1. Identify the single condition in (1) part of a helix (DSSP H, G or I); (2) within 30 Å of F276 (Cα to Cα) that A404 does not satisfy, given that it satisfies every other one.
2. Counting only residues that are in contact with a Gly (Cβ under 8 Å, 6 or more places away or on another chain) and either closer than 25 Å to E26 by Cβ or not assigned by TED's automatic domain parsing to the domain that holds V130 (or both), how many does segment 290-348 have?
3. Name the residue, out of S268, S255, that is assigned by TED's automatic domain parsing to the domain that holds N179, more than 14 Å from V115 (Cα to Cα), out of contact with any Lys or Arg (no Cβ under 8 Å at 6 or more places or on another chain) and surrounded by 19 or more Cβ atoms within 10 Å (Cβ to Cβ).
4. Could you tell me how many of the residues in segment 153-167 are surrounded by fewer than 17 Cβ atoms within 10 Å (Cβ to Cβ) and either modelled with pLDDT of 95 or more or farther than 16 Å from T444 by Cβ (or both)?
5. Which one of D53, D64, D5, D114 is within 27 Å of D209 (Cβ to Cβ) and acidic (D, E)?
6. Name every residue in segment 283-301 that is touching a Lys or Arg at 6+ places or on another chain (Cβ under 9 Å) and either in a helix (DSSP H, G or I) or modelled with pLDDT under 85 (or both), in order of residue number.
7. Quickly run through segment 69-95 and pick out the residues that are buried (at least 16 other Cβ atoms within 10 Å of the Cβ), over 30 Å from V232 (Cα atoms) and either among the hydrophobic types (A, V, I, L, M, F, W, C) or in contact (Cβ under 8 Å) with a residue 12 or more places away in the chain (or both).
8. Select, from A121, A129, the only residue that is among the small types (G, A, S), closer than 17 Å to I348 by Cα and touching an Asp or Glu at 6+ places or on another chain (Cβ under 9 Å).
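The values are calculated or read from the model by the stated rules, or taken from the named source; none is laboratory data. Just so it is clear, the model here is predicted, and its values are computed rather than measured. Glycine also receives a Cβ, built like all others from the backbone with ideal geometry; neighbour counts cover every protein chain displayed.
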Amino acid sequence: MTNKDNYISPLSTRYASPEMQQVFSENFKFRTWRRLWISLAKAEKELGLNITDEQIAELEAFKDDINYDVAEAREKVVRHDVMSHVYAYGQQCPKAEPIIHLGATSCYVGDNTDVIILKEASGIVMKKAVQVLKNLAAFADQYKEMPALAYTHLQPAQLTTVGKRATLWMNELVMDIENLQYQMDNLKLLGQKGTTGTQASFVELFNGDDAKIKKLEELIAADMGFTACVPVSGQTYSRKVDSYFLSVLSGIAQSAYKFANDLRILQSFEEMEEPFEKNQIGSSAMPYKRNPMRSERICALARFVITDSLNPGFTSATQWFERTLDDSANKRLAVAEAFLCVDAILNIYINVTSGLVVYPKVVERRVMEKLPFMATENIMMESVRRGGNRQELHEIIRVHSHAAAAKVKMEGGVNDLIDRIAADENIPLTKEEILSELDPRKYTGRSASQVTEFLDAVVSPIIARYDEGDITAVLNV
């Protein structure tokens, strides 16, 4: 049987980056197990247990050299993954074999590794989310003054600017970044809590010395790059942690979906477009098509993440007493695939936002088609200032507006509202004076200054905090 006969996840072959896949790989997992065993042994030695430098050196020598064949053969016999890897490590390190996993239970390596994976994977997500923010910041600044139709209920409303709309996408991503940072800042190792969280085995090892048992956790946490271990637990760290992190990932997916969906609509309006490669084919049947396939892919993956984020909540709610094992199979799928999917989403998001295309003439044409309607309030108020009756003018302009709209919708004609108003003897303005009200910049409010303020006060500090240089996402497809 070849790989062509086996199911292979598209997250591996099509979507997720090599760096995110590496975090969820077997090598990362089992090498982290060995780092944790070494950390435990070093801390136990420091606190007085009979462990030698020679034993620790032996463990260090094989920390990255996983003898998978031995572990896999042993697991077929004992049906226990952790004890199989303890056995395999012991085969490579005969002098250290007696002290590997000393006092620990399986969750010492399993759960602590999962926490480390959450930290590493979140770092990748953070780096890429900030790159999207950088791309959108440059775009918003470039187009902060370009008037564009704004929409409520997907119907033309007042004006905004192209750049101001981009700040709406950015603001939601800022919320996600801040939420992710909070979760990362509060992430703690499980530590070595024992079978039911009581640390009973370590009470035996250290003859009931509470100070040494607490110090043991401090040493392990520091060695693994954490500030602390959780204060209390059952056998596992609380599965609410997974729920919190996947909730953040769901938020990122929601933000990306909002952006991608907006862009798909704008591409239908022909105002904006995602990048389109020179030799890219939009349709097998319609050669002229330029489908927004990258934005569509963002939306497709985002839906998966949003629904997948429910899994840890159900898992957390059904953990009986100190633990049950119905979390394991679900957790392996839910957590890994959420991160891999969000990684793929952000790769595409980076790619799209680094090459957004705006068609200014189309944007302007669409604005000018609707601007006469939007200008009616200014026309009415200026007419009142010249002695007109506000209620009478409102009715006159309302009638003309509906007639002009009917001509556009029912006859396919041009918007002749300005001509209708200018020809009405009840309107005390000349056509030239009315046309002077048709400057789109009069109707964008504080859009441009809002963009500048938002970039300076909110976005720039975030970019400065996380900036590692520009990232160019390489798409697998």
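1. Evaluating A404 over (1) part of a helix (DSSP H, G or I); (2) within 30 Å of F276 (Cα to Cα) leaves (2) as the failure.
2. Of all residues in segment 290-348, those in contact with a Gly (Cβ under 8 Å, 6 or more places away or on another chain) come to 290-291, 293, 319, 321-323.
Narrowing the set further to residues that are either closer than 25 Å to E26 by Cβ or not assigned by TED's automatic domain parsing to the domain that holds V130 (or both) leaves 323.
So the answer is 1.
3. Working: S268 fails: surrounded by 19 or more Cβ atoms within 10 Å (Cβ to Cβ).
Of S268, S255, the one residue that is assigned by TED's automatic domain parsing to the domain that holds N179, more than 14 Å from V115 (Cα to Cα), out of contact with any Lys or Arg (no Cβ under 8 Å at 6 or more places or on another chain) and surrounded by 19 or more Cβ atoms within 10 Å (Cβ to Cβ) is S255.
4. Taking segment 153-167 and keeping what is surrounded by fewer than 17 Cβ atoms within 10 Å (Cβ to Cβ), we get 153-155, 157-158.
With either modelled with pLDDT of 95 or more or farther than 16 Å from T444 by Cβ (or both) added as a condition, the list becomes 153-155.
Looking only at that region, the number is 3.
5. Working: D64 fails: within 27 Å of D209 (Cβ to Cβ); D5 fails: within 27 Å of D209 (Cβ to Cβ); D114 fails: within 27 Å of D209 (Cβ to Cβ).
Residue meeting the stated conditions: D53.
6. If the condition is that a residue be touching a Lys or Arg at 6+ places or on another chain (Cβ under 9 Å) and either in a helix (DSSP H, G or I) or modelled with pLDDT under 85 (or both), then S283, S295, E296, C299 are the ones that fit.
7. V70, A71, R74, A88, Q92, C93 - these are the residues of segment 69-95 that are buried (at least 16 other Cβ atoms within 10 Å of the Cβ), over 30 Å from V232 (Cα atoms) and either among the hydrophobic types (A, V, I, L, M, F, W, C) or in contact (Cβ under 8 Å) with a residue 12 or more places away in the chain (or both).
8. Numbers: A121 fails: closer than 17 Å to I348 by Cα.
Answer to the selection: A129.
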